[in-house]
Each structure stands twice: as structure tokens, then as C-alpha cells.
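S.K.: This is the structure, below, for whatever I ask next.
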Amino acid sequence: MKIIILLIFSFFMFNSLFSGLIITRSEMGIVSQELYHDNMFAEIHDDHIVSIWDFNTFELTLIHHLLRIYTTVDFETFKQYAQRQNQAEINSELRNFDEERRKLMAEATMTLFNRLRPNFAVVDTLSIFGFTTHEFNVFNGDIIAQKVWISRALQEKINEIVNPLNIRQVELIFKENRENYFEALGIQLDPISRLVEALEDSGYVVQRVDYGIRMTHDPEHEAEVESHINTITDIVEMNIDPAIFTYHQRFRRLDYNAYQMAVIRHMESQL
């Protein structure tokens, strides 16, 4: 919350016309924020790492406040970087598995998938921070695989601020890369995950509990998973200072690769 406190200099909580939305999320004690404002979308992690998509210019800016560095790339350049990184991961996997091992892995995966019986049920409808939300339970047969809370109302609010077609263009990059990765290894996404993705397409994911794909009940495992819920802890509509979508003038600009390497080295130094 520190960056938000520092950078949002003025807002009017009682103004009937809100220009932005801030969603605070928590997972395993790690707090992050999503900010939506004037066809821009920003994410803040650990109070110092910021990613900003400005869909007015279709540019991505990454800012690391601790390292005082940033990088900016347009959509096509980011897509090319993501595709090259994905291809590097594919090449690495292919070096570790010869054709025979890939074939055996694909056959074992399909044998498992053929045993899965994905289905879901709507178990509750509730209001979370004023937004109507549906709770879905996703099963493998009668064994719980995921619980997911989805709000169409919250997604519609976001769509009023940021063009959903723009966000889908970015999401499509990752989906295409994932499909290319699976295809190269001769595998595919499991049917339960595909069912969950179809449900998620109906709205905004407010909360999620992922138990994993299992063939038997395990109450101890379920209790452990439920202690690490990925959930929203706050939603605030307010006027947002545009300064939060910019970088400090004294920060050093790097190209995309150099920025990523600097962040990786910093993360490794913290281990």
C-alpha cells in the first residue's frame, strides 16, 4: 500500500463520479494492487514493482522502485520478446527430452486426462464489496479441484474504465505461447483447467482456491490449501492521480532485456 499512499496525492471519496478503480489482493501474505484508470491498467507488487499498460498508446512500462529503473516497449515489441522467451523455454525442454521420452510423456498425460471427469456447480451468490459474485465449485467427479468466485458486475465496472478488447489482446499473447509450448511437447492443457478458464471468461476472478487435480479425497491437503487463499481484500473507486502511471525522472531507462536481467539479479541477491 506504500506506493499508493505516496503517489495518489488527491482523491475525493465522496465524489459521485469516480474516475478509477483500485483492487487490493492478497495471496500467502503478499499484497498486490490493480489500478484501472482512463484506459490504463497498472499492477503493483511488493510495494515497488509496477507494470503499466497504457492502451491509449498501447505501450507497456515496467518500473522497479527499489532499483530505480524502468523500461518501455510497444505492444508488438513486447509480443516479440514474449514469443522469443517462450521459444527459448521450448528449446530448453526439447533438449532435456528426446523424441521417445516426449512420446511417453504425452501418452501418460493423455491416459491421466482420459480419467478426469470435469464438472461444476454454482454453490452460492453473494455480494463482495458491493459487487454480485457467484461461487463455483469445480470437480473431478465428486472430488473438489477448485473453488472460484467470479463477478460479472465487477468485470463490467472495469470494462467501463479500460477497453476489454485491449486487455484480451495482451492475454492472447500468453495463451498462444502456452498452446505453442504444449504443442511442441506433444501435450495439452487438462480438461479441468479448460473448464475453469471457460468459467473465468464470464467475469472477474475475485477469489480462488486451487486444490489441484486429485483422484482421492484428502482433507489435510484441502485444509492446507484453504489457508493460502488468493483473495481480494479491498475495492475502492476514487479519482486517481495520473502520477502513479509515470516513472520518476531520476530513474534510469533500460531496454527490455537489460531491465529483466537487472530484476533477476536483484531477486537472486535476496535469496
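The values are calculated or read from the model by the stated rules, or taken from the named source; none is laboratory data. This one's a predicted model, so the numbers in the text were calculated from it and none came from an experiment. Here Cβ is always computed from backbone atoms with ideal geometry, including for glycine, and neighbour counts include all displayed protein chains.
S.K.: Condition (residue is in contact with a Gly (Cβ under 9 Å, 6 or more places away or on another chain) and either outside any loop (DSSP other than H, G, I, E, B) or closer than 30 Å to THR72 by Cβ (or both)) applied to the stretch 207-223: is it met by at least one residue?
M.R.: Yes, the stretch 207-223 contains a residue that is in contact with a Gly (Cβ under 9 Å, 6 or more places away or on another chain) and either outside any loop (DSSP other than H, G, I, E, B) or closer than 30 Å to THR72 by Cβ (or both).
S.K.: Could you check the stretch 213-227 and list, in sequence order, the residues that are surrounded by 13 or more Cβ atoms within 10 Å (Cβ to Cβ) and either in contact with a Pro (Cβ under 6 Å, 6 or more places away or on another chain) or not aliphatic (A, V, I, L, M) (or both)?
M.R.: If the condition is that a residue be surrounded by 13 or more Cβ atoms within 10 Å (Cβ to Cβ) and either in contact with a Pro (Cβ under 6 Å, 6 or more places away or on another chain) or not aliphatic (A, V, I, L, M) (or both), then ARG214, ASP218, HIS221, GLU222 are the ones that fit.
S.K.: Going through ILE244, ILE232 one at a time, which residue ends up being in a strand (DSSP E or B) and in contact (Cβ under 8 Å) with a residue 40 or more places away in the chain?
M.R.: ILE232
S.K.: OK, next. State the number of residues belonging to the stretch 55-93 that are farther than 23 Å from ILE264 by Cβ and out of contact with any Asp or Glu (no Cβ under 9 Å at 6 or more places or on another chain).
M.R.: Selection size over the stretch 55-93: 2.
S.K.: Something else: When ASP124 is evaluated against the numbered criteria (1) loosely packed, with under 13 Cβ neighbours inside 10 Å; (2) within 30 Å of GLY20 (Cβ to Cβ); (3) under 19 Å from the mean Cα position of the chain (by Cα), which criterion, by number, is the only one it fails?
M.R.: (3)
S.K.: Among the residues of the stretch 70-87, what is the count of those that are under 16 Å from GLU43 (Cα atoms) and in contact with a helix residue (DSSP H, G or I) (Cβ under 6 Å, 6 or more places away or on another chain)?
M.R.: Matching residues across the stretch 70-87 total 1.
S.K.: Then there's this: Restricting the first residue to the stretch 118-139 and requiring it to be in contact (Cβ under 8 Å) with a residue 60 or more places away in the chain, which pairs with a second residue that is among the hydroxyl-bearing types (Ser, Thr, Tyr) and surrounded by 12 or more Cβ atoms within 10 Å (Cβ to Cβ) meet a Cβ separation below 7 Å and a spacing of at least six or different chains?
M.R.: If the second residue must be among the hydroxyl-bearing types (Ser, Thr, Tyr) and surrounded by 12 or more Cβ atoms within 10 Å (Cβ to Cβ), the pairs left are ILE128/SER151; PHE131/SER151; THR133/SER151.
S.K.: Which residues, counting only those in the stretch 174-185, are at pLDDT 95 or above and surrounded by 16 or more Cβ atoms within 10 Å (Cβ to Cβ)?
M.R.: ASN177
S.K.: If you don't mind, another one. Condition (residue is surrounded by fewer than 16 Cβ atoms within 10 Å (Cβ to Cβ) and touching a residue at least 60 places away in the same chain (Cβ under 8 Å)) applied to the stretch 149-166: is it met by at least one residue?
M.R.: yes
S.K.: Taking only the stretch 47-87 into account, find how many residues are charged (D, E, K, R), in contact with a strand residue (DSSP E or B) (Cβ under 7 Å, 6 or more places away or on another chain) and surrounded by fewer than 17 Cβ atoms within 10 Å (Cβ to Cβ).
M.R.: 3
S.K.: Further question: Name, by its number, the condition in (1) farther than 23 Å from GLN33 by Cβ; (2) in contact with a strand residue (DSSP E or B) (Cβ under 8 Å, 6 or more places away or on another chain) that does not hold for GLU197.
M.R.: (2)
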